[in-house]
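Reviewing the structure listed below.
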Amino acid sequence: MKVPISWLREYVDFEVPLDALADRLAVAAAEVERIVPVGVADEGGNLEHFVTGRVLEASKHPNADRLQLCQVDVGEPDPAQIVCGAWNFSAGATVAVARPGATLPDGMQLKRVKLRGEISEGMILAEDEVALGSEHDGIMLLADDLSPGTPLVDVLPLADHVLEVEVTGNRPDLLSTYGLAREVAALFDTELRPPPGIDPPVGSSEPVPIEIADSGGCPRYIGRAFSGVEIAESPQWLRTRLHRAGMRAISNVVDITNYVMLTFGSPLHAFDLDRLAGRRVGVRRAESGERLRTLDGVERVLSVDDLLIVDGDRAIALAAIMGGEETEVTEATSNVLLEAANFEPVGILKTSERLALRTEGSNRWEKGVDPHQAALAATYASELLVSISGAVLDSTSDVQAALDPAPRTPFRAARASALIGLEIDAQDQRALLQRLGFEFEGPDGAPDGEWTVTVPTWRARDVTREIDLVEEVARVHGLDRVPFTLPQRRELFGRLTQEQRLRRRVEDALVGAGYSEAYTWSLASDDVDPAALRLPVPLSAEHAVLRTTLSAGLVDAAAHNRDVGNHGIALFEVARVYLPSDEGLPDERWHVGGIVEGGYFVAKSAVDLLHDLVRVEPRFERTSQPTLHPGKAARVAAGWLGEVHPSVLDGGWGMFEIDLATLFADVPERTLYEDVITYPAVHQDLAFVVDRQLPAGDLIEAALAAAGPILREARVFDVYEGDQLPGGKKSIALNVSFQSDAGTLSDEDARVLREKIVARLAEQHGAELRA
Amino acid sequence: MDVQALEEEAQNAIGAAVSADQLETVRVQYLGRNAVLPQALREVRDKETGRTLNEARRRLSEAIDARRDELERDELERRLSEESVDVTLPGTEKARGHLHLITQIRRELEDIFLGLGYEVIDGREVETTYYNFTALNMPTWHPARSPLASLYLDDETVLRTETSPAQIHTMEQRDPPIYMVSLGRVYRRDTPDATHVPIFHQVEGLAIDEGITLADLKGTLRHVMRALFGEDREIRFRTHYFPFTEPSIEPDVSCFLCDGAGCNVCRHSGWIEMGGAGLVDPKLFESVDYDPERVSGFAFGLGLERIAMLRHGLPDLRQLWENDLRLLHQF
Ligand SMILES: [Zn+2]
């Protein structure tokens, strides 16, 4: 919403500088994009160079066919000679002149110059040259009663500022100059002038019949018939206001409807009355497939939810959004039906979304416009139509369903103070609410500060409850006056859960191991699980399925790093996967996944680390899955690991993925002390010859089972396959540590334990102790 | 025999020895089996002379040990000094990992709120429309509900568009007081560009207790902003509109780059927009059966990516998802 400040000042006085106005509005009412100066720069006496002039002579430039050479009376003893490129005037015209020394809005500085051999002392102005409009086809023609040399700033709004505000959805009342003026008056406690508009006399013609078939969609319809309309260009002040408010001037009738919309926020529409079949209007929903060519020339195919304005039975406008082409006001129009109606917001929003058609009108309707503004708008538009277009108001009618009564709510000033956290005097609260248009019941000085408040109609959608009034008090009294306090805690909690702490430790451990953390998309192009959840309307082909594994994203991240030439690539991610579930919502599980240069054993080292972190001994079993090397893949209780299949990512990458809830499931709440210091451990090396197929893990498992907990550790330190062994055999060398917390182990103790192990391994796995 | 002269001679020889070998030669010469002093000691008969000789031998023996230690120290020093390295050469290479910038910011925020006694609640990412919209007082026609704005799995299931559904779950599960924050991924149907990625991260907080005020929200957010952007920061509230809060505000933090003087980051206003907040709309209490006359609350939401952009100067959010080690290693 763009509002010229001079327009705002028509309705409200304020003393504060414009940046203070902007600051206050921004904090208390609506986002202020900026306040910008527009038009001719008002500095360094620049405005003095702009005056009115009367053309004394105008003839073709002797050396240029497309230029005129003019003698212009600018209020000085001698006329000024000015070369001009426009032809929409002749001798006798009153025009706007910029004299040498003037700086135009585009920065151009005028000088006395020679144009094709003739002196030109200034410029006869078109509206776009002084930012009064966008027209450039001809120069501005001013009223003939102006005497030459009159300062132009007295005649035209040469210099102004425009306030640009962004209004939140709950404040459609601020999408209007008058509404903003009301807000300014309330914020600065100054007087708001009454709304503009005085009804012209009404003729005695039969009113245009109005038939509302859907009063839910259109609770009010004011129709006013005008005759004798002379379609013409609007006066300069009107054109300039629209231009500066960001709208294009079209013709007087259309401009008036737009101007009044901007004044009150209630959009209007003008029909060419003679083109309405049966000179009647109605409001109904469209039939499916019904068509209407709107003003923009597009043929719209309608649905049963769309609200229409019709004449006899034909659609003539898409209610609240855009008029129809056939009943548009044109240069030939002389009779006009002015529509000042009210439309229900949600239906309008749906239609404008469906048709992807947003207009100044729909933007207001979809936020909800006060039906009471329609009457003000009708009155003001009528006054302007009569005074500007020479029209006569023939008849008027106002069809309305029972409009909702203004909301009323109890209000306790003490409650407002308590919620804001600042003691605000009850009478001050009342006064500021009254400035906003709220009405109070009960004696003026009700000592307890408890009232019943009636909401002004223009706030009826937004303010219905006591808490809504609390907001009004807080923002108008001043959010900057609210102090800084902290909640008074009576009970203290707030710590990470064990799971959250462990998740952090997982991240930290991997970072310590040289992995960097990746973030990859939760949505993938596809997933290994055919049941993975799909978006019916994907974000894109790459982002369509809620992943059940982190691996695809990690492979992409690793490939990206390889492709850009990074080295030492080790990445992990801790994020959720989404497993399809019978219970409606997916089972969201935290996973940690990693990818690293170097193959299976590098990945295994990370998986060992993660298990060590939670003091769990993992059991690795051979497995297979399509993305992994068939001979280098394993699973553990909480997940899997392996070397990435070269067809997925070439170059020998290790990858793993662990379900954190499973990993954390057996983490003891506390770890108990074990005495590993007092009595020294006995270390022995044992080498066994076994079948080549036997996993070392099985051998260790058997050793641990044979010796019991006194075998504190058994670690593979060498594997040998070769000539010195019979075919199909390998040697596995173990380093074992026996340790007791009850006493020092003797050589005899160690021998007994060692024999137990040797016997068990021989029995279970045919292992032979190597000499 | 002039013991004194002999000792003096020996002491001089000890002092003059400059290597272990020389010292050994000196030792053999004066204290060796066939040297003068040991021989004299073997032959001495009177007690007085014996003591004198003995003491002389002891002193020489100590002097030799001391000199040997000294020579060994010197030798070590000399060897070490020969081993000196170029101290500017790089340290032993060891793989280094880094937490993602957003995780670092996430933890920082979690820690700030843990310090304020808040719980961290990880909500679901896939939610019902009830928890994501309806219970947050968003009317059926609200634009955020449009499939053009949000990612639906079906009519009733949506990828959360903010982390606040966790607040409704928490309120349903227990009575006030509640002090909680939820952080994590949220989803919107945006076209990726420098400042938008369809997946981003928010922190949303909720405090419900007896006597919670707008002033408490102001004090809390100022604490958070100072923790994030420095102790000199100020905050201001601007009125705004959200369906789930009343009054609704947007907090601004005073620009940490220009200190309020105006710069490009704060668009020459001196203030930087930081998110949304307000007092919890009593409407939200209806469905969870809280008494708005007894308790009140505040809620707020901030974007983690916004903090990353503002505080770290990150120019393009898409880079957060590229996982390029060159970027990850910066933070
Ligand atoms: Zn700044």
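The values are calculated or read from the model by the stated rules, or taken from the named source; none is laboratory data. Small disclaimer: the values here were computed from a predicted structure and weren't measured. We place every Cβ from the backbone using ideal geometry, glycine too, and count neighbours over all the protein chains shown. These area figures cover heavy atoms from the full protein model, side chains too; ligands, DNA and RNA do not enter into them. Shrake-Rupley method; radii C 1.70, N 1.55, O 1.52, S 1.80 Å.
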- [ ] Looking for whichever is buried (at least 19 other Cβ atoms within 10 Å of the Cβ) and in contact with a strand residue (DSSP E or B) (Cβ under 7 Å, 6 or more places away or on another chain) here; the options are A:120, A:176. Which one fits?
- [x] A:120
- [ ] Looking only at segment A:209-238, count how many residues are buried (at least 23 other Cβ atoms within 10 Å of the Cβ) and either in a loop (DSSP other than H, G, I, E, B) or modelled with pLDDT under 95 (or both).
- [x] 3
Task: Failed item in (1) under 29 Å from residue A:479 (Cα atoms); (2) in contact (Cβ under 8 Å) with a residue 40 or more places away in the chain; (3) open to solvent by 40 Å² or more (accessible area, probe 1.4 Å), with residue B:182 passing the rest - done: (3)
- [ ] Inspect segment A:737-755 for any residue being farther than 29 Å from residue A:631 by Cβ, hydrophobic (A, V, I, L, M, F, W, C), touching a residue at least 60 places away in the same chain (Cβ under 8 Å) and not in a helix (DSSP H, G or I) and give the result as yes or no.
- [x] yes
- [ ] Say whether the condition of being more than 16 Å from the ligand (Cβ to nearest atom), in a strand (DSSP E or B), over 24 Å from the mean Cα position of the chain (by Cα) and modelled with pLDDT of 95 or more is met by at least one residue in segment B:225-237.
- [x] yes
Open item on the list: For the structure I just gave you, tell me whether residue A:375 is among the aliphatic types (A, V, I, L, M), open to solvent by 30 Å² or more (accessible area, probe 1.4 Å), in contact (Cβ under 8 Å) with a residue 12 or more places away in the chain and part of a helix (DSSP H, G or I).
Closed with: yes
Task: Selected residue [within 50 Å of the chain's Cα centre (by Cα) and more than 14 Å from chain B (Cβ to nearest Cβ)] from A:64, A:96, A:58 - done: A:96
Task: Counted residues, segment A:388-425 - those being within 14 Å of chain B (Cβ to nearest Cβ) and within 30 Å of residue A:235 (Cβ to Cβ) - done: 0
TODO: Only residues that are at the interface with chain A (Cβ under 10 Å from one of its Cβ atoms), outside any helix (DSSP H, G or I) and either basic (Lys, Arg) or open to solvent by less than 30 Å² (accessible area, probe 1.4 Å) (or both): list them for segment B:303-331, please.
DONE: B:323, B:324
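Can you tell me which residue in segment B:201-224 is farthest from the other protein chains (Cβ to nearest Cβ), limited to those that are β-branched (Val, Ile, Thr) and open to solvent by less than 10 Å² (accessible area, probe 1.4 Å)?
In the first step, residues of segment B:201-224 are kept if they are β-branched (Val, Ile, Thr); the result is B:203, B:208, B:212-213, B:220, B:224.
From the residues that got through so far, the ones that are open to solvent by less than 10 Å² (accessible area, probe 1.4 Å) too are B:203, B:208, B:212, B:220, B:224.
Details: B:203: 14, B:208: 10, B:212: 6, B:220: 6, B:224: 11 Å.
By that ranking, first place goes to B:203.
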- [ ] Scan segment A:518-533 residue by residue and report those that are in a strand (DSSP E or B) and surrounded by 23 or more Cβ atoms within 10 Å (Cβ to Cβ).
- [x] A:523
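Tell me which residues, restricted to segment A:270-286, are open to solvent by 40 Å² or more (accessible area, probe 1.4 Å) and either within 14 Å of residue A:336 (Cβ to Cβ) or not hydrophobic (A, V, I, L, M, F, W, C) (or both).
Of segment A:270-286, the ones open to solvent by 40 Å² or more (accessible area, probe 1.4 Å) are A:274-275, A:277-280, A:285.
Listed by number, the residues that qualify are A:274, A:275, A:278, A:279, A:280, A:285.
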TODO: Identify, by number, the condition in (1) in contact with a strand residue (DSSP E or B) (Cβ under 7 Å, 6 or more places away or on another chain); (2) open to solvent by 10 Å² or more (accessible area, probe 1.4 Å) that residue A:318 doesn't meet.
DONE: (2)
- [ ] Assess whether residue A:205 counts as being in contact with a strand residue (DSSP E or B) (Cβ under 6 Å, 6 or more places away or on another chain), touching a residue at least 12 places away in the same chain (Cβ under 8 Å) and hydroxyl-bearing (Ser, Thr, Tyr).
- [x] yes
Open item on the list: For a quick check of your reading of the model, give me the residue pairs whose first member lies in segment A:548-572 and is at negative phi and at the interface with chain B (Cβ under 9 Å from one of its Cβ atoms), whose second is open to solvent by 20 Å² or more (accessible area, probe 1.4 Å) and in a helix (DSSP H, G or I), with beta-carbon atoms closer than 7 Å and at least 6 apart or on different chains.
Closed with: A:566/B:326; A:569/A:562
Open item on the list: If I ask for residues that are open to solvent by 40 Å² or more (accessible area, probe 1.4 Å) and over 30 Å from residue A:595 (Cβ atoms), which ones from segment B:95-115 would you list?
Closed with: B:115
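Tally the residues that are closer than 26 Å to residue B:278 by Cα and either more than 7 Å from every other protein chain (Cβ to nearest Cβ) or in contact with a helix residue (DSSP H, G or I) (Cβ under 9 Å, 6 or more places away or on another chain) (or both), restricting the search to segment A:491-511. Write out each step before concluding.
Looking only at segment A:491-511, we keep the residues that are closer than 26 Å to residue B:278 by Cα, and these are A:491-496.
Pick out the ones that are also either more than 7 Å from every other protein chain (Cβ to nearest Cβ) or in contact with a helix residue (DSSP H, G or I) (Cβ under 9 Å, 6 or more places away or on another chain) (or both) and you get A:494-496.
Of the residues in that region, 3 qualify.
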Task: Index of the failed condition, residue A:566 passing every other in (1) assigned to a helix (DSSP H, G or I); (2) surrounded by fewer than 21 Cβ atoms within 10 Å (Cβ to Cβ) - done: (1)
- [ ] Please indicate, with yes or no, whether at least one residue in segment A:350-368 is open to solvent by less than 10 Å² (accessible area, probe 1.4 Å), outside any helix (DSSP H, G or I) and modelled with pLDDT under 95.
- [x] yes
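Would you pick out the residues in segment A:512-537 that are at the interface with chain B (Cβ under 10 Å from one of its Cβ atoms) and in contact (Cβ under 8 Å) with a residue 60 or more places away in the chain?
So the first thing to find is which residues in segment A:512-537 are at the interface with chain B (Cβ under 10 Å from one of its Cβ atoms), and the list is A:512-523, A:533-537.
Matches in segment A:512-537: A:513, A:515.
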